[in-house]
Amino acid sequence: MKKTILFAFATTAFSTSALAAILADGNNYIYAGAGAVSLESKQSVSGATEEINPSYTLGLGREIHPHIAVEAFYNYGSTTYDVLFSNAETDVSVSQLGVGLVPSTDYLGNTNLKLVGRINASFVKVKTEYKNLGYMPSDSESGVMIDAGIGLHWDINPRLMMRAEYITNIADSSLNNLGDHYDYSGAQLTLGYRF
């Protein structure tokens, strides 16, 4: 009888869905990733080319429910504008420090995949650096951004997870009407570890 109970317990405890349910409730995780989440001018830039540089993100999260996580994160992205026929350029970078709410669906069928959404609120610093244009100083401004996103979450195993997300800015404040001149959006891929 003891062997049967032990076998039943071991089978249940080590099944993928049981482990996922155990780990998903109140578990912490860290993640890091890269992508192309940055500013893109809404109008063509006369006399310059626009290049979106890789963006980077670091975060710490907690799954407070099997379908809801909260995160604290830092994102950095930049865009370079090269002036044609000269070596002058302008770099516009965005640094975000914020918190996010990440809801998710159940697993899709018999997979370890689920759909996720996100809503972020962050303190933002936008810095503009003018290079090889000696007469123009660099400047920066700070404000607040609200972002939203959608993506696909994959539990590789009970500890490792991966997300592919598309994120876009939906509102900003105190940033000189940033949203009137730029789109802040893009895709990112992150790898996380539960602990």
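Just the number: Rg to Rh for the range 29-98, Cα atoms, Kirkwood Rh, two decimals. Provide the component values of the computation, followed by the final result.
Details: Rg = 16.5 Å, Rh = 14.1 Å.
Taking Rh as the inverse mean 1/r over Cα pairs, Rg/Rh reads 1.18.
The packing ranking of peptides 124-132, 93-101, highest mean first, is 93-101, 124-132, where packing means the average number of other beta carbon atoms within 10 angstrom of each residue. Along the axis of the charge dipole computed for the range 42-175 (Cβ charges of +1 for Lys and Arg, -1 for Asp and Glu, origin at the Cα centre), the listed residues L175, T90, S46 are led at the positive end by L175. Percent of C-alpha pairs per 10 Å bin in the range 75-157, short distances first: 15, 29, 23, 18, 11, 3, 0. Distance between the modelled labels on N110 and V45, one decimal in nanometres: 5.1 nm (7 Å Cα→Cβ projection).
Using a probe of 1.4 angstrom, how much of the accessible area of the range 70-195 is carbon and sulfur, in percent?
The value for the range 70-195 is 62 percent carbon and sulfur by accessible area.
The values are calculated or read from the model by the stated rules, or taken from the named source; none is laboratory data. Because the structure is predicted, anything quoted here is derived from the model rather than measured. As a convention, Cβ positions derive from the backbone with ideal geometry for all residues, glycine included, and neighbour counts pool all protein chains shown. The accessibility values were calculated without ligands, DNA or RNA, using every heavy atom of the protein model including side chains. Shrake-Rupley method; radii C 1.70, N 1.55, O 1.52, S 1.80 Å.
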